[in-house]
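Enquirer: My questions all concern the structure below.
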Amino acid sequence: MKYLLALVSCILLISCGNELDLIEEGNDIPVIYGLLSSIDTAQYIRVEKAFADELISAVDLAKDPSQLYYNNPRVALIHEASGAEYIFEEVDGTAEGYPRDEGAFASIPNTLYKKRSSEMNLVEGDTYRLEVLRDDIDTPVTASTVLTIAPRIVKPGLTGLLDLVPNSQTIIQWRGNETIALYDLALKIKFFEKDENIPGSLFQERQLMWNLTQGLVVVPDVANVEHAFDGISFYSFMAGQLEAGDNWRRNLSNVDIVLLGGGEEIQDYRSVGLANLGITSSQDIPTYTNLSEGKGIFSSVTRVIKEDVQLTSRSIDSLKTNIITRNLGF
């Protein structure tokens, strides 16, 4: 879960953060966020509410957890095909590794609702319905999504090399499917380095994450998707990330190709101009929602990683000799 890039800024759950957005007094507006993922060990849902009070300032309301959270809501996920129902348990998001951004809103408690994936039957391509019962309200808040099917990276192939050289284009291609509406693509560049200005220093492993594209929108029934980029951008990225100098010694290892896909609801959410999909992120109440009542989004994401892809020998030679990177010590 923690490895996911935020789709469009990256990608896990959406949550509530630090901007005040009041509603008409007396209305109960649930604000619910969750992204299912069949590849993750646990699923999380954030359930909160919007608030207003003519007698209490927005700043004071924001610091009061009783104005932010419901009392013991029932959070359930239903597998439409089988009717199986899975009840989520309340957990501390900070203890789970998802601390909340500091700001106007109360950071303690940091309540999420969790269910381990091993305790559910998560089937890619099947429809799942979220149901949230709040306090004494009989009608649940509901939303449905199709669990995304993992795409497959086809270029470079199983034994293929990645060719990143100046004055040419590199193409990464994958097989999508009808459950995915947009993609993020990144390269995790792995290398070793040491600073010879430090006596006795040893090579240390390092990694750089290079985001090639975010929020790449596709027609759902298009099977073959690709992203092309100029090879020179690889050298510009490396030069922008690493300190140059004669003291550095670096050896490039390989790269991982990281591909994320998001469901149609995420694309709909983005299309109205809101692209903040981090679990510690914005308190803005979105203008788009796929909930039966209230505001928020319930959708699905997936991820595939093609690990340890080797670069061509001419790519490594260019990294050593190209004017942009020749002072980086490779």
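The values are calculated or read from the model by the stated rules, or taken from the named source; none is laboratory data. Computed from a predicted model, the values in this text were never measured in an experiment. Methodologically, a virtual Cβ is constructed for each residue, glycine included, from the backbone with ideal geometry; neighbour enumeration extends over all protein chains shown.
Enquirer: I'd like the residue in segment 55-106 that is farther than 28 Å from ARG129 by Cβ, small (Gly, Ala, Ser) and crowded, with 18+ Cβ neighbours inside 10 Å and, out of all such residues, is modelled with the lowest pLDDT.
Expert: Within segment 55-106, the match that is modelled with the lowest pLDDT is ALA106.
Enquirer: When the residues of segment 165-195 are narrowed to those that are of a type in the set (Gly, Ala, Ser) and not in a strand (DSSP E or B), which ends up surrounded by the fewest Cβ atoms within 10 Å (Cβ to Cβ)?
Expert: SER168
Enquirer: Further question on the same structure: Report yes if ILE172 is at pLDDT 95 or above and of a type in the set (Val, Ile, Thr), otherwise no.
Expert: It is true that ILE172 is at pLDDT 95 or above and of a type in the set (Val, Ile, Thr).
Enquirer: Restricting attention to segment 224-243, and to residues there that are in a loop (DSSP other than H, G, I, E, B) and surrounded by 13 or more Cβ atoms within 10 Å (Cβ to Cβ), which single residue is modelled with the lowest pLDDT?
Expert: Among residues in segment 224-243 that are in a loop (DSSP other than H, G, I, E, B) and surrounded by 13 or more Cβ atoms within 10 Å (Cβ to Cβ), the one modelled with the lowest pLDDT is GLY231.
Enquirer: Can you tell me which residue among ASP135, ASP195 is on the phi > 0 side of the Ramachandran plot and touching a Phe, Trp or Tyr at 6+ places or on another chain (Cβ under 8 Å)?
Expert: Being on the phi > 0 side of the Ramachandran plot and touching a Phe, Trp or Tyr at 6+ places or on another chain (Cβ under 8 Å) holds for just one of ASP135, ASP195, which is ASP135.
Enquirer: Quick test of your reading of the structure: GLY125 fulfils all but one of (1) at negative phi; (2) at pLDDT 95 or above; (3) assigned to a loop (DSSP other than H, G, I, E, B). Name the failing condition by number.
Expert: (1)
Enquirer: Just name the residue that is farthest from the chain's Cα centre (by Cα) out of those in segment 310-321 that are within 23 Å of ASP246 (Cβ to Cβ) and surrounded by fewer than 19 Cβ atoms within 10 Å (Cβ to Cβ).
Expert: So, considering only residues that are within 23 Å of ASP246 (Cβ to Cβ) and surrounded by fewer than 19 Cβ atoms within 10 Å (Cβ to Cβ), the one farthest from the chain's Cα centre (by Cα) is THR321.
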